[in-house]
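Some notes on the structure that comes next.
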Amino acid sequence: MEYEAIIGLEIHVQSKTESKMFCSCSTEFGAPPNSQVCPVCLGLPGALPVLNEKVVEQAVKAALVLNCDVLKVSSFDKKIYFYPDLPKGYQISQYYQPLAKSGYVDIKVKNKRRRVRIRHLHMEEDVGKLIHQKGMSLVDFNRASLPLIEIVAEPDIRSSEEAGEFLMCLRSNLRYAGVSECNMEEGSLRCDANVSLRPLGTRKLYTKTEVKNMNSFKHVMKAIEYEIKRQKRSVKKGEAAVLHTRCWDPERGVTVPMRGKAPAPCISHSDLGPVILDEEFIASLRSQLPELPLDRSERFIQQYGIPASDASILTSSKELADYYEECVKLYKKPKVIANWIMSDLLRELKEKDIGIRECKVSPEHLAEMITLIDKGSISGKMAKDVFVEMFETGEKASQIVKEKGLAQISDKEALVKIVDKTLQENPKVVEDYKKGKEKALGYLVGQVMKETKGRANPKLVNKLLEKKLK
Amino acid sequence: MKLNELTAHEIRELIRKGEVSSEEVTKSVFERIEKVEKKINSFVTLTKEEALREARSVDEKIRKKKKISPLAGVPIAIKDNMCIDGVLTTCSSKILENFRSPYDATVIKRLKANDLVFIGKTNMDEFAMGSSTENSAFEITHNPWDLEAIPGGSSGGSAATIASDEAILALGSDTGGSIRQPASLCGVVGLKPTYGRVSRYGLIAFASSLDQIGPITKDVRDSALLMNVISGYDERDSTSCNYPVPDYTESLISDVKGVKIGVPKEYFVKGMDEEVEKSVKDAIGLLEKLGAKVEEVFLPHTEYALATYCLIVSTEASTDLAYYDGVGYGYRAQSRNLDEMYQNTREKGFGDEVKRRIMLGTYVFSHYDYYLKAQKVRTLVKEDFDKVFEKCDCLITPTSPTPAFKIGEKMDDPLRMYFPDIFTVPANLAGIPGISIPCGFTKKGLPVGLQILAKPFAEETILRVAYSYEQNTGWHRRRPAICDSQ
Amino acid sequence: MKISKKDVEYVAKLAKLKLSEKEKEKFTKQLDQILKYVDKLNELDTEKVKPTSHVLPLKNVFREDKVGKSLEVEKVLENAPEKARGFFKVPKIID
């Protein structure tokens, strides 16, 4: 019998704010332990939560870019369980009335468009950090009560590839909206996967396992692949499926059973009032949203006539897409710019492991450099080196060319002298050429270039040599 | 008359005229405490050094002719469920016996800004769960009128301290009657403001949707003066109301002509004490004679209020008490691993009544329909009041169905323990304000209180009626003789 | 009996309360008594009644996204039953 995998993802993203969800403690990463806490986020007796407005705005933006219906009324609940990273004995979450429902993300896998539905999206607070040591654990509450957005997708995903694509789309949409950094390695995006199998062609849902502890998209995909294989083996052996939680072990590349948490009861939170959103509020947030990656990519294809693959790379982040459009405004050959960005700029960024925002080459500088090539001031080849220099120093191309004496020699008189000298020094090659050995010309051009340390305008050298050798 | 026997407004006059200093008043209060505290046990923590230091600094301000607030220099006792920075805040529970709050509750901040002098923290039922102060993990507070009787609760310490002249002013908190009922049983004035009138930030929660802080005082004027200090919006409490705070002393007018008083039929029930009933009816008669219009009214869902309260309070309490796990603060029992630590800490840290409410509450929230049902009936109880207040300015009822009972008499009978709250609980469910003022004594010499209820934010009506009654009677001036023979 | 000892054990586990056998029996009896009493509420038809979770109309009580002062670390850890190097310390967790 053939089986298909049914995969549902549950994602938590940390939303970007200055202060925590219910108090004014800073959200900054990397502070000394327990230095960003107060009576509220420490859960001291008597302290009360007050909701950060920005948290609501960010969650609504997330809901909008994931095509969710934002509900007019949502409210907060206490999710009750005991764990040392949870200072109050309950987590403030939205259970009975979440912020948003019924969204979707469209993905493209193997050129097929698929829709992954989102069941609901809600706000909740993060817990503290535990450090396990021998015989004890240490608790840091700096992270406690940072704002999270939980996104629960319907089990519409059928493969690890689709899961990866879904996560990429979700991430780029949320990043575009400025909601979250969505960095899995740093924990600002976390993902659990529910995986089950069912006979192909049937509609019923079967017993699933929940897989946790993946810390990159790649690991999510690997863990899902492993889990599908494992379940197939298990089915073949005739084992009965049991609902349980499994932990991904990235070193061994396997999932192993772990103790899952019992479902925690929820009860409405009487210290926090409901969130009631009107159309106007939602519309104003909607108007602040940028064009989303998929739309922007399509517009790039149309407007700039670049290939789909280029558009997809250039719109992978909002900053990069903005950069590209800034360049295109200054220099009107979109494909040329696209090539420079995709080959040279992205390579350098990757090598230095920095983002486009930290890049020293401004759109103006890139445009100027390409203009220098067009004007014949530098060769395309030389420009590659100039670009690396620009990337390092942040200087303008013209400045670098001047300082390093890299300007192309397009002065005919100066070149004629060098050409003459070269011809005199290579009588044998000249003879060969005259005998019809066309390749000899290339050698001569090379010699001239060598003599000028590559600065001679190659087209002009060609022309001059051909003329002299006639 | 000794200074500690005066009211706050009397002391205020003397301080203003320069006839006494805050230090003298504070000293007289501590002298009294030294004399009677052994018999009353109203305090769990005393802060004499800090109090005297604060009193001297107020006196210094007065000497330097700096502007001071009306209650500056007046000693005040605080129920031990309100956080004062650097001071033990225990809720009379073992689980918090060493908890020194690192922050001030908003009411404490307000009192500090007005230069009141904190003399100590008063005893209470553990986490405010109870109506007798017998549920304190530390000590039993005695009723100054009969040392073998309970002072009521849960703010029993605050009420007893006022009745025995150990303090000039006190703060209590009221979740189901915890200010009004002990005030009634101790013969003092206790006001529960409208839910949202006084910030709860820094008040250790018993049941968040019902809790409210309020004054326990010797007379109605002191209540109004203290309300002026503690009321108002607080951005740290989402449930606090941004609603203007009047000068409550302006409603102290001895005139009830034309005031429409409703007397709810359901508040005169079987099982209530005859003497209590008579005192309250006499009081209503007096108000009628003074020109009030009295009318019988109906609050048909009253009989369901106690069951509703019981469910809501336990459910909220059990989640609010999830804070206490031995991780960040408070008591921690020695244990080999985490789960053991939770179990042992909570087993040893909480008393019997607290455990019972946690158990009930946990059962209820894991059976959500119970809670939902209670929330729905809560709506009905509230609507009863809404309807009645369309035609009445206020309601008058007994505060407690009986006077103070003997210590130990009702322990460990879970249902009877709720009985003292039957007349006070509905106001918490509806969020409306209520006051208890003395309205007589039983033949055995125990105080009886009457309760005045009004619609949300109508504290002024309550104060006016209470003041008028007080001015035409003298109950509030009686003081117990705490004699050695008792 | 509405409530069994098993219910009490389940609830105690959820609430992290260790109970002795005697307490279990006592609470079984008492909770049963209370729940029978609150069953009184079922006399009322509340199908069309809206539940009250806040007595006063509350909505959108927000604070501005501004960073304020946190507690000093000494004060944070002042009440900690056990601490180490700026962290709260708890016994080992057995899952």
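The values are calculated or read from the model by the stated rules, or taken from the named source; none is laboratory data. Note that the structure is predicted; figures quoted are calculated from it, not measured. Heads up, the Cβs are rebuilt from the backbone with ideal geometry, glycines too, and the neighbour counts pull from every protein chain shown. For accessibility, only protein heavy atoms count, side chains too; no ligands or nucleic acids. Shrake-Rupley method; radii C 1.70, N 1.55, O 1.52, S 1.80 Å.
Around the amide H of B:Val117, modelled in the peptide plane, lie the amide H atoms of B:Gly73, B:Val74, B:Ile76, all under 5 Å away and 5 or more residues distant in sequence or on another chain.
Computed over chain B, the convex hull of the alpha-carbon atoms projects to a mean area of 21.6 nm². Partners of A:Lys435 within straight-line reach, counting lysines whose Cα lies under 28 Å from its Cα and excluding those fewer than 8 residues away in the same chain: A:Lys412, A:Lys417, A:Lys421, A:Lys450, A:Lys459, A:Lys463, A:Lys467, A:Lys468, A:Lys470. With the whole protein complex present, A:Lys467 retains an accessible surface near 140 Å², based on a 1.4 Å probe.
Would you kindly state the longest site-free stretch of chain A, with sites defined as GluC sites (Glu not before Pro) in a DSSP loop (not H, G, I, E, B) surrounded by at most 12 other Cβ atoms within 10 Å? Result, exposed sites excluded: A:252-437. Annotation: amide H-H contacts under 5 Å for A:Met258 (H modelled 1.01 Å from N, sequence separation of 5 or more, or interchain): A:Thr245, A:Arg246, A:Cys247.
Could you check how much of the accessible area of chain C is carbon and sulfur, as a whole percent, using a 1.4 Å probe? Looking at chain C in its full context, I get 50 percent from C and S. Using only the Cα atoms of segment A:412-469, build the gyration tensor, take square roots of its eigenvalues as a ≥ b ≥ c, and label the shape rounded, prolate or oblate: rounded if a/c is under 1.5, else prolate if a/b is larger than b/c, else oblate. It is prolate, given that a/c is not under 1.5 and a/b is the larger ratio. Taking the Kirkwood radius as Rh and the Cα radius of gyration as Rg, segment B:337-466 has a ratio of Rg/Rh equal to 1.08. Considering only A:Tyr323, A:Pro32, B:Val256, and ranking their Cα positions along the charge dipole of the protein assembly as shown that arises from unit charges at the beta-carbon of Lys, Arg, Asp and Glu, the one farthest toward the positive end is A:Tyr323. For segment B:63-170, which trypsin sites (Lys or Arg not before Pro) are in a loop by DSSP, counting at most 16 other Cβ atoms within 10 Å? Sparse-neighbourhood loop trypsin sites (Lys or Arg not before Pro): B:Lys64, B:Lys65, B:Lys66, B:Lys67. Over chain C, with a Gaussian network built from C-alpha contacts below 10 Å, which listed residue (C:Val38, C:Val49, C:Val67) shows the highest mean-square fluctuation? Taking springs between Cα atoms under 10 Å, the residue moving most is C:Val67.
Thinking of chain A as a set of Cα atoms, what percent of all their pairs are more than 29 Å apart? Spell out each step's value before the answer.
On the way: 68578 of 110215 pairs.
In whole percent, the share of Cα-Cα pairs in chain A beyond 29 Å is 62.
Ballpark to the nearest 100 Å², how much total accessible area do C and A bury together, probe 1.4 Å? Protein heavy atoms only, the C-A interface buries about 3300 Å². Residues of segment B:232-248 whose accessible area (probe 1.4 Å, heavy atoms of protein chains only) drops by at least 40 Å² once all protein chains are present, relative to their chain alone: B:Ser238, B:Thr239.
Heavy-atom accessible area with a 1.4 Å probe sorts B:Arg180, A:Arg175, B:Arg479, largest first, into A:Arg175, B:Arg479, B:Arg180.
Computed as a quarter of the hull surface, the mean projected area of the alpha carbon convex hull for segment B:61-199 stands at 8.7 nm².
The order of A:Arg347, B:Arg221, B:Arg336 by accessible area, most exposed first and with a 1.4 Å probe, is B:Arg336, A:Arg347, B:Arg221. In order along segment B:42-53, the Karplus-derived 3J(HN,Hα) couplings, from 6.51 cos²θ - 1.76 cosθ + 1.60 at θ = phi - 60°, round to 8, 9, 9, 9, 10, 10, 4, 4, 4, 5, 5, 4 Hz, and Gly and Pro are given as x. Annotation: per residue accessible area for the protein assembly as shown equals 42 Å², rounded to a whole number [probe 1.4 Å, protein chains only].
On the principal axes of its alpha carbon atoms, the protein assembly as shown extends 141, 81, 57 Å, with the longest extent given first.
What part of the accessible area of chain B, given as a whole %, is carbon or sulfur when the probe is 1.4 angstrom?
Here it works out to 48 percent.
Projected label points at A:Gln97 and A:Lys459, each 7 Å from Cα along the beta carbon direction, are separated by 7.0 nanometres. Going by accessible surface with a 1.4 Å probe and the largest first, B:Asp165, B:Asp282 read B:Asp282, B:Asp165. Computed from point charges on the beta carbon alone (+1 for Lys and Arg, -1 for Asp and Glu), the dipole magnitude for chain B about its Cα centre is near 820 Debye.
Once you reduce segment A:323-389 and segment B:91-138 to the center of their Cα atoms, the two points are 68 Å from each other. Take the Cβ atoms of A:Lys360 and C:Glu64, set R0 to 35 Å, and the FRET efficiency comes out at 0.50. For segment A:75-164, the set of trypsin sites (Lys or Arg not before Pro) satisfying both a DSSP loop assignment and a count of at most 10 other C-beta atoms within 10 Å is given as A:Lys110, A:Lys134.
Of the DSSP beta bridges with both residues in chain B, give the percent that are antiparallel, rounding to the nearest 5. Provide the component values of the computation, followed by the final result.
Numbers: 29 of 44 bridges.
That works out to approximately 65 percent antiparallel.
Just to be sure I understand: if you take the accessible area of chain B alone plus chain C alone and subtract the pair, with a 1.4 Å probe, what total do you get in Å², rounded to 100?
Values: alone 19220 and 10240 Å², together 23970 Å².
Counting both chains, the buried surface is close to 5500 Å².
Identify the residues of segment A:33-69 with backbone N under 15 Å of a label point that sits 7 angstrom from the Cα of A:Arg286 along the Cα-to-Cβ direction, or state none. What the label zone holds, given the 15 Å backbone N cut-off, is A:60-69. For segment A:233-270, heavy-atom accessible area (probe 1.4 Å) falls by no less than 10 Å² from the chain alone to the full protein assembly at A:Arg259, A:Pro265, A:Cys266, A:Ile267, A:Ser268, A:Ser270.
Return the loop-located trypsin sites (Lys or Arg not before Pro) in segment A:250-303 (DSSP other than H, G, I, E, B) with at most 16 other Cβ atoms within 10 Å of their own Cβ; answer none if there are none.
Values: sites: A:Arg252, A:Arg259, A:Lys261, A:Arg286, A:Arg296, A:Arg299; in loops: A:Arg252, A:Arg259, A:Lys261.
Sparse-neighbourhood loop trypsin sites (Lys or Arg not before Pro): A:Arg252, A:Arg259, A:Lys261.
When the Cα positions of A:Ser309, A:Ser216, B:Ile358 are compared along the charge dipole of the protein assembly as shown, A:Ser309 comes out farthest toward the positive end, with charges on each C-beta of Lys, Arg, Asp and Glu. Of the solvent-accessible surface of segment A:279-419, computed with a 1.4 Å probe over protein heavy atoms with every protein chain present, carbon and sulfur atoms account for 53 percent.
Between the residues B:His301, B:Leu287, B:Ser314, the greatest Cα displacement towards the positive end of the dipole of segment B:280-343, with unit charges on the Cβ of Lys, Arg, Asp and Glu, is found for B:Leu287.
Using alpha carbon centroids, what distance separates segment A:29-67 and segment B:178-255, in Å? Distance between centres, Cα-based: 30 Å.
With only alpha-carbon pairs counted, each pair once and no self-pairs, how large is the Kirkwood hydrodynamic radius of chain C in angstroms? This gives a value of 19.4 Å. Using a probe of 1.4 Å on the protein chains alone, the accessible area found for B:Phe43 is around 10 Å².
What's the total accessible area buried between chains A and B, using a 1.4 Å probe, rounded to the nearest 100 Å²? Spell out each step's value before the answer.
Values: alone 25250 and 19220 Å², together 41920 Å².
It comes to approximately 2600 Å² buried between A and B.
With 50 Å² as the minimum drop in accessible area between chain alone and full protein complex (1.4 Å probe), the qualifying residues in segment A:1-47 are A:Ser24, A:Pro33, A:Asn34, A:Pro39, A:Leu44, A:Pro45, A:Gly46.
Note on B:Lys265: lysines with a C-alpha under 21 Å away, same-chain residues under 8 apart excluded, are B:Lys278, B:Lys281, B:Lys289, B:Lys293, B:Lys382, B:Lys387, B:Lys391, B:Lys455, C:Lys40. Amide H contacts under 5 Å for B:Val44: B:Lys121, B:Thr122, B:Asn123, restricted to partners 5 or more places along the chain or on a different chain, H placed in the peptide plane at 1.01 Å from N.
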